[in-house]
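Presented below is the structure to which this report refers.
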Amino acid sequence: SNKPLMVIHHLEDCQYCQALKKAFAESEEIQEMAQNNFIMLNLMHETTDKNLSPDGQYVPRIMFIDPSLTVRADITGRYSNRLYTYEPQDIPFLLENMKKALRLIQTEL
């Protein structure tokens, strides 16, 4: 499909995951982009796959993966100690990263 894959790692009993999930659901622009421009994968359990936890196993984390199945290390969140984490107040930053993922896919294919 030549769409970027957006992998969301979260756990049901994680208060931070639930807060991010709520903010994610409330953003109409993110919802529209998620439905139309991305392949979405929700992982509700931790994985032992090192490719899906390049900087550790923590939740929530959101990673963008291109069609070559490469985790985009150039699309990260705001935190240097948890590269792929986002908090509810980071929704505008996440939206910009989603747009960046789409731009990179279009220019690299």
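Only the coordinates and a few stated rules stand behind these numbers; no lab work does. Quick caveat, the model's predicted, so the values are computed rather than measured. Ideal geometry is used to build each Cβ from the backbone, glycine not excepted, and the neighbour counts take in all protein chains shown.
Remarks
- Contact order normalised by residue count of the stretch 1-105, Cα under 8 Å, 6+ apart, percent: 36
- Net charge, residue 20 excluded, C-beta distance under 12 Å - Lys, Arg +1, Asp, Glu -1: 0
- Working note: 222 nm ellipticity from helices only, DSSP H runs with n ≥ 4, each -39,500 (n - 2.57), summed and divided by the residues of the chain, gives -11500 deg cm²/dmol to the nearest 500.
- Among beta bridges that DSSP assigns inside the chain, antiparallel share in %, nearest 5: 55
- The chain shape via C-alpha gyration tensor axes, a/c threshold 1.5: oblate
- Reach of residue 99 by Cα under 17 Å, taken over aspartates and glutamates that are not fewer than 8 positions away in the same chain: 28, 29, 32, 66, 74, 90, 108
- On the basis of the beta-carbon distance and an R0 of 30 Å, residue 25 and residue 47 show a calculated FRET efficiency of 0.80.
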